[in-house]
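Engineer: Before I ask anything, here is the structure I am working with.
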Amino acid sequence: MTPVLVVLALIVQAPPSPPPFDSAGAHQVFDLVKRIAAADRGRLWGRSLDGPVLLVDPATKRVFANQPGFRARWSPMGEVFSGRLPDEQGSANTAVTLDGERWTMVMWPLPDDLLSRRQLLGHELWHRIQDSIGLPVRDPPNPQVDDEPGRILLRLESRALVKALASKGADRSTALVIALSFRDERHHRYPGSDSTEALIERHEGLAEYTGIRMAGGSVADQRKIVTKALTDLESAEHLTRSFAYATGPAYGFLLDEVRPGWRLELRQGLGPAALARRAVGVTLFDIRRLALEEGRLGGPMIRVEEARRSELRAVRRRGLVGRFATGRLLVLPLASSSISFDPNQVEGLDSLGTHYGRMELSGEWGVLDAPGGGRIGAGWREAFVPVPPDFGAGRRSGPGWTLDLRAGWRIVADSVAGRWRVEKEAKPVP
């Protein structure tokens, strides 16, 4: 009986309350940003990470800023500025452009522990400057790492990277060659994936590398963060986008050791893994050697696990297609829209596009908050969320979503039976 009572006590225990969202808390965060930038002194990327920062309460869209903004509508409050996000602006941990200026946006509350807080800030501060240092935002889907063979090869690559991070000298070089060889085999099986993986690693991988470097602590402590991310990758449900948060920093930290100055070479359009391949300067292993290395890295058990995962994924995908592609749907145009989402809940649906387990869309038509998920069609032209059988033009919500529709827009019946569409109202003829 005692263990049951203990479990029940843990279940009913209330989570800790977040700190108050006030000017004092905001000032502490802005001061930490200054200290992070001052400690770096522009050494990592050749320019300071300091700049305009917004803290946002996603529930109310209230903001605190470290400088005036939004057409001077934000009011001074001590050493910070307070106001509200524009209605059409989504909220996320990201970089945004407001009033023609690039801002770092961070959601409140931030992580409790200082190391995680510094890591998050470093990540998002980098996103603000990435365009200006020749690393523009490119975020293509990578469904191959959620496919069974591709996922197996990614997990083997990840295990080899863990070995490389824990080794030195010849052992490190060998482990790095093994990792790159498994990656090369994946790219051979999925043509074009070398470029799409490089793009997301240049985007989110380098941001996460920066965040870990800015987290503080010793290099050994930072390597532990990288190693944990590689280990966690193996049990993640969806890797279409999130894999880069692990592999990007891993190659970055290894390049710090084997190819100092590698960050300058990124402007040639290469990703961290391609620069690591330059660094090893040897022929990668062939398929027979990879079979041997797979056995040493626990490949047989990985294959058993991934076969079972593939069966479950097929069942889940059929459910997603039925709910977000072939069922009753509301269709929203994506022209001039922005999206915020959880990178750990992104799953490719082949020609049907991508499913996001949680997302918020903002566009000229308003804001869609979809904690229950939605689908973005291939080509990023339309978004889809499910509607109930009794849905009508006057409804602004459905299963797992709500829509704040702006004036001048309406919901109408689509030409496809069972579908509805958001469209701009026609101007009356004079």
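The values are calculated or read from the model by the stated rules, or taken from the named source; none is laboratory data. Please read all numbers here as calculations on a predicted model, not as lab measurements. Virtual Cβ from ideal backbone geometry, glycine too; neighbours counted across all protein chains shown.
Engineer: Of all residues in the range 219-244, count the ones that are hydrophobic (A, V, I, L, M, F, W, C), in contact with a Phe, Trp or Tyr (Cβ under 9 Å, 6 or more places away or on another chain) and over 23 Å from M301 (Cβ atoms).
Structural biologist: Total meeting the criteria: 2.
Engineer: Here's another thing I want to ask about it. Being part of a loop (DSSP other than H, G, I, E, B) and under 17 Å from L49 (Cβ atoms) is the filter here, so list the residues in the range 199-221 that pass it.
Structural biologist: A215, G216
Engineer: Another question, if that's okay. Assess whether L121 counts as being in contact (Cβ under 8 Å) with a residue 12 or more places away in the chain and touching a strand residue (DSSP E or B) at 6+ places or on another chain (Cβ under 8 Å).
Structural biologist: yes
Engineer: Ok, one more. Restricting attention to the range 138-157, does a residue exist that is surrounded by 15 or more Cβ atoms within 10 Å (Cβ to Cβ), more than 30 Å from W380 (Cα to Cα) and in the same structural domain as E204 (by TED's automatic domain parsing)?
Structural biologist: So far as the range 138-157 goes, yes, one or more of its residues are surrounded by 15 or more Cβ atoms within 10 Å (Cβ to Cβ), more than 30 Å from W380 (Cα to Cα) and in the same structural domain as E204 (by TED's automatic domain parsing).
Engineer: Kindly evaluate S362 against the criterion of being touching a strand residue (DSSP E or B) at 6+ places or on another chain (Cβ under 8 Å), surrounded by fewer than 21 Cβ atoms within 10 Å (Cβ to Cβ) and hydroxyl-bearing (S, T, Y).
Structural biologist: no
Engineer: Residue under question is G261, and the condition is that it be under 18 Å from L44 (Cα atoms), surrounded by fewer than 18 Cβ atoms within 10 Å (Cβ to Cβ) and free of Cβ contacts under 8 Å to residues at least 12 places away in the same chain; does it hold?
Structural biologist: yes
Engineer: Let me ask something additional. Which one is farthest from P86 (Cα to Cα), of the residues in the range 372-430 that are in contact (Cβ under 8 Å) with a residue 12 or more places away in the chain and acidic (D, E)?
Structural biologist: Only one residue fits best here, namely D414.
Engineer: L54 passes all but one of (1) part of a strand (DSSP E or B); (2) over 23 Å from the mean Cα position of the chain (by Cα); which number fails?
Structural biologist: (2)
Engineer: Inspect the range 330-345 for any residue being closer than 22 Å to D147 by Cβ, touching a Lys or Arg at 6+ places or on another chain (Cβ under 8 Å) and of a type in the set (D, E, K, R) and give the result as yes or no.
Structural biologist: yes
Engineer: Kindly evaluate V162 against the criterion of being touching a Ser or Thr at 6+ places or on another chain (Cβ under 6 Å) and closer than 30 Å to R117 by Cβ.
Structural biologist: So V162 fits the description; yes.
Engineer: Name, by its number, the condition in (1) touching a residue at least 40 places away in the same chain (Cβ under 8 Å); (2) aliphatic (A, V, I, L, M); (3) under 26 Å from V367 (Cβ atoms) that does not hold for L32.
Structural biologist: Checking L32 against (1) touching a residue at least 40 places away in the same chain (Cβ under 8 Å); (2) aliphatic (A, V, I, L, M); (3) under 26 Å from V367 (Cβ atoms), the one that fails is (3).
Engineer: Follow-up question, since we're still on this one. In the set S116, S167, which member is polar (S, T, N, Q), assigned by TED's automatic domain parsing to the domain that holds A236 and either without any contact (Cβ under 8 Å) to a residue 60 or more places away in the chain or within 24 Å of K34 (Cα to Cα) (or both)?
Structural biologist: Unique residue meeting the criteria: S167.
Engineer: Would you pick out the residues in the range 267-276 that are surrounded by fewer than 20 Cβ atoms within 10 Å (Cβ to Cβ) and either part of a loop (DSSP other than H, G, I, E, B) or modelled with pLDDT of 95 or more (or both)?
Structural biologist: Answer for the range 267-276, where residues must be surrounded by fewer than 20 Cβ atoms within 10 Å (Cβ to Cβ) and either part of a loop (DSSP other than H, G, I, E, B) or modelled with pLDDT of 95 or more (or both): G269, L270.
Engineer: Does any residue of the range 185-207 turn out to be out of contact with any strand residue (DSSP E or B) (no Cβ under 9 Å at 6 or more places or on another chain), farther than 14 Å from P249 by Cβ, surrounded by fewer than 22 Cβ atoms within 10 Å (Cβ to Cβ) and at pLDDT below 95?
Structural biologist: no
Engineer: Inside the range 103-125, can you point out the residues that are charged (D, E, K, R), at pLDDT 95 or above and over 19 Å from K61 (Cα atoms)?
Structural biologist: R117, R118
One line per residue, one yes/no per condition, for (1) at pLDDT 95 or above; (2) crowded, with 20+ Cβ neighbours inside 10 Å; (3) of a type outside the set (S, T, Y):
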site: Y209; (1), (2), (3): yes, yes, no
site: Q222; (1), (2), (3): yes, yes, yes
site: S235; (1), (2), (3): yes, no, no
site: A244; (1), (2), (3): yes, yes, yes
site: G248; (1), (2), (3): yes, yes, yes
site: L254; (1), (2), (3): yes, yes, yes
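Engineer: Being at pLDDT below 95 and of a type in the set (F, W, Y), is that true of even one residue in the range 363-385?
Structural biologist: Scanning the range 363-385, I find at least one residue that is at pLDDT below 95 and of a type in the set (F, W, Y), so the answer is yes.
Engineer: Between L110, L115, L98, which is of a type in the set (A, V, I, L, M, F, W, C) and touching a Lys or Arg at 6+ places or on another chain (Cβ under 7 Å)?
Structural biologist: Just a single option satisfies the conditions, and that option is L110.
Engineer: Filter the range 56-102 for residues that are touching a Leu at 6+ places or on another chain (Cβ under 7 Å) and over 16 Å from I339 (Cβ atoms); which is modelled with the lowest pLDDT?
Structural biologist: F70
Engineer: Against the condition farther than 20 Å from G90 by Cβ and either at pLDDT below 90 or assigned by TED's automatic domain parsing to the domain that holds E148 (or both), how does A417 come out, does it pass?
Structural biologist: So A417 does not fit the description; no.
Engineer: Where residues in the range 339-355 are buried (at least 17 other Cβ atoms within 10 Å of the Cβ) and of a type in the set (G, A, S), which of them is farthest from R421 (Cα to Cα)?
Structural biologist: G348
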